[in-house]
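S.K.: Encoded as structure tokens, here's the structure I'll be asking about.
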């Protein structure tokens, strides 16, 4: 005989009757093994007592999760999962103090006159800030600087330190260095150059904008557009931007003099002298010591001999020359030990006189090789 009742009603009916049916089955099981009745009765809770179960609870009866129980207490909810604690943020390195930055400046090889001028500028700006806090009048002291000198004389390194020093004095909010040249300021057509220069200044805001070979902006309308934009941005952001322009002494002097907007804003020029032989030896040996290399006295003499052969004009690299010779010496050391299976610690560390040599000049091609 078919049952015409609704399937959902049948399912609910089964759900209500299921505990009772199972009770009957388990009651029969109790009588089958009377010998174990005492042991079963001693269990707490009784494993055959189903009155506390919810037949609609997940996992009780397949397909019945949505059915409502006829009697009994609500199903106990699972305790909420413990929230995953947020990852600890990576601690940021605290910015250097004024004393630390001035100490780093003083530790640079040579540059005695540069160090003295940076100390003087720092003192002037510090007192200016204190007078302003005290409500005193104070003449406006421009923060922008002109660095003049040959390549490799430490201009970029000092510019980075100036950014940190000015931040420590409360004159800049970030103190970072943004280094650019003409190619990063000038675009291919008028109108776009102003936008490009303004974007660079936006990136440098809060720190130091360092323009190397700034005189390359002179001589055409594109560079002039960049200069005009730069002057406007320096005025608009005078409270949180420092601009340092750098290059060879002669061209930089002419560049500043021919642009009235720049001349009134760049009143302090700091010359960077070439390094002496002793200073370059010190730069070379300090580079080696910093990277765990030893330079015996014989190797120092080899460096001095190589240094004596250099033409000291505007093409000489100064500190870059020392850096290039050091890096070339590391390459020669590695080549010298290429067949040594287990080099000793001394072999890995020592730069020998033979490792110090100029880079070989490019060999001219013979007519046969060129053809």
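The values are calculated or read from the model by the stated rules, or taken from the named source; none is laboratory data. Just so it is clear, the model here is predicted, and its values are computed rather than measured. Ideal geometry is used to build each Cβ from the backbone, glycine not excepted, and the neighbour counts take in all protein chains shown.
S.K.: May I ask you to verify whether residue 180 is under 25 Å from residue 313 (Cα atoms) and surrounded by fewer than 22 Cβ atoms within 10 Å (Cβ to Cβ)?
M.R.: So residue 180 fits the description; yes.
S.K.: From the list 172, 190, which residue is touching a helix residue (DSSP H, G or I) at 6+ places or on another chain (Cβ under 9 Å), crowded, with 18+ Cβ neighbours inside 10 Å and either closer than 23 Å to residue 230 by Cβ or outside the structural domain of residue 219 (by TED's automatic domain parsing) (or both)?
M.R.: Of 172, 190, the one residue that is touching a helix residue (DSSP H, G or I) at 6+ places or on another chain (Cβ under 9 Å), crowded, with 18+ Cβ neighbours inside 10 Å and either closer than 23 Å to residue 230 by Cβ or outside the structural domain of residue 219 (by TED's automatic domain parsing) (or both) is 172.
S.K.: From the set of residues in region 222-270 that are without any contact (Cβ under 8 Å) to a residue 24 or more places away in the chain and touching a helix residue (DSSP H, G or I) at 6+ places or on another chain (Cβ under 7 Å), which is nearest to residue 174 (Cα to Cα)?
M.R.: Among them, the one singled out is 263.
S.K.: Right, here's the next one. Within region 275-315, which residues are surrounded by 18 or more Cβ atoms within 10 Å (Cβ to Cβ) and not in a helix (DSSP H, G or I)?
M.R.: Hits for region 275-315 are 275, 293, 295.
S.K.: Regarding residue 166, is this residue closer than 20 Å to residue 271 by Cβ and surrounded by 21 or more Cβ atoms within 10 Å (Cβ to Cβ)?
M.R.: no
S.K.: Taking region 194-206 as the region of interest, how many residues are over 22 Å from the mean Cα position of the chain (by Cα) and either under 18 Å from residue 143 (Cβ atoms) or surrounded by fewer than 24 Cβ atoms within 10 Å (Cβ to Cβ) (or both)?
M.R.: Total satisfying the criteria: 4.
S.K.: What is the residue count in region 156-180 for residues that are in contact with a strand residue (DSSP E or B) (Cβ under 6 Å, 6 or more places away or on another chain) and over 14 Å from residue 243 (Cβ atoms)?
M.R.: Summing the residues that are in contact with a strand residue (DSSP E or B) (Cβ under 6 Å, 6 or more places away or on another chain) and over 14 Å from residue 243 (Cβ atoms) in region 156-180 gives 1.
S.K.: Could I ask something else about it? Would you mention how many residues in region 207-226 are surrounded by fewer than 18 Cβ atoms within 10 Å (Cβ to Cβ) and not in a helix (DSSP H, G or I)?
M.R.: So the count comes out to 4.
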